[in-house]
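Derivation of every value follows stated rules applied to the coordinates shown; laboratory data play no part. All values derive from a computational prediction rather than experimental measurement. With ideal geometry, Cβ positions are generated from the backbone for all residues, glycine too; neighbour counts draw on all protein chains shown.
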Amino acid sequence: MDIFQAMQISASGLAAQRLRMNILASNLANANTTKTPEGGPFRRKDVSFEPVGLSALNPAANEGRVSFESEFERQLQGVQVGQIVQDAREPRKVHDPTHPDADKEGYVAMPNINTISEMIGIMNSQRSYEAGVTAINAGKAMINKALTIGK
């Protein structure tokens with residue numbers, strides 16, 4: 001494996017974690033949204049990741065290239081967002097007869113969003129993103145050192 005493949009793997013993780021952080025932030029921002037354009041309360045969203053081969057990440061890099069990859073290198077994969085899934089659970093009911101979206105019994109359908117869980121997810125995603133940035137920076141440092149060998 002060359003350093004550029006390692007950087008591609010890290011970059012794929014950065015892109016996936018960035019999208020995950022955006023989805024989690026959207027969940028937090030809509031934790032009290034009781035009415036959406038689709039009707040009803042906001043539905044929590046979640047991201048699922050799936051592995052992807054390096055050739056799928058950068059097909060142009062493999063064009064016309066003779067490959068002498070080892071079995072280990074063929075198994076190396078990056079990551080991509082497989083799908084964004086909407087929560088299917090029923091919204092939680094909160095008794096608030098003064099709320100404009102309350103039903104005839106005074107209950108309001110609220111999103112099923114736990115702010116603590118969402119914040120933990122954001123922190124987890126942030127740590128994963130930082131690890132990817134660290135890996136890319138280490139690769140850049142190796143390339144710079146290699147360039148100074150001939151001096």
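Brief remarks follow.
- With a simple spin-label model that places each label point 7 Å from the Cα along the Cα-to-Cβ direction, the separation between residue 90 and residue 126 comes to 3.6 nm.
- For residue 77, distant residues with modelled amide H under 5 Å away: none
- 122, 9, 3 arranged by Cβ crowding within 10 Å, fewest neighbours leading: 3, 122, 9
- Gained length - residue 3 relative to residue 137, 0.36 nm times residue gap less alpha-carbon distance: 47.1 nm
- The amide H of residue 92, built 1.01 Å from its N in the peptide plane, has 110, 112 as neighbours under 5 Å, considering only residues 5 or more places off or on other chains.
- Computed E for residue 148/residue 115 - FRET, C-beta separation, R0 41 angstrom, nearest 0.05: 0.25
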